[in-house]
Amino acid sequence: MLSLEIYPNILMHLPWGRVFAFTQMIVAGSGILAFVIAGPLADHVFEPMLASDGVLADSVGSVIGVGPGRGIAFMLILSGCLIQLTCALGYFYRGVRSLESDYPDVERSEDANCRTGVIG
């Protein structure tokens, strides 16, 4: 995880356990939310849209087909496109591109390592 590399340099004096626990709570919560929403979204929104007489049957259906299973296929295609868009936005966002220069490696003294429990 990228956060394991970045957070220690940015959050030197904060309790890392709380930061990592909060981060993991957000990640796990979003995964659970995605599982809960995906089924009904595919069954009740995308599947009817890509039925033979659905709203997207003539446009998107001509590319990926129409009928059973095409709704979930379209949902997976959309989620892949959203992931690619997120990566592209992250690349063009200056704050992400310049993380390494904005937060260089922090040199810790031997005394600070003993107090914080950091080894190495």
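Every read-out reported here was derived from the displayed coordinates using simple, explicitly stated rules and does not represent laboratory data. A quick note: this is a predicted structure, and the numbers were derived from the prediction, not measured. Heads up, the Cβs are rebuilt from the backbone with ideal geometry, glycines too, and the neighbour counts pull from every protein chain shown.
The table below lists the values:
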| read-out | value |
| --- | --- |
| Cβ-Cβ FRET estimate between Leu41 and Val19, R0 fixed at 41 Å, reported to 0.05 | 0.80 |
| Sites Ala34 and Glu100 - FRET efficiency at Förster radius 22 Å, r taken between beta-carbons, to 0.05 | 0.15 |
| Residue-span extension gain [Ala51 to Ile77] - 0.36 nm each, minus C-alpha spacing | 7.7 nm |
| Inter-site label distance for Thr86 and Asp58 at 7 Å from Cα along Cβ, in nm | 3.5 |
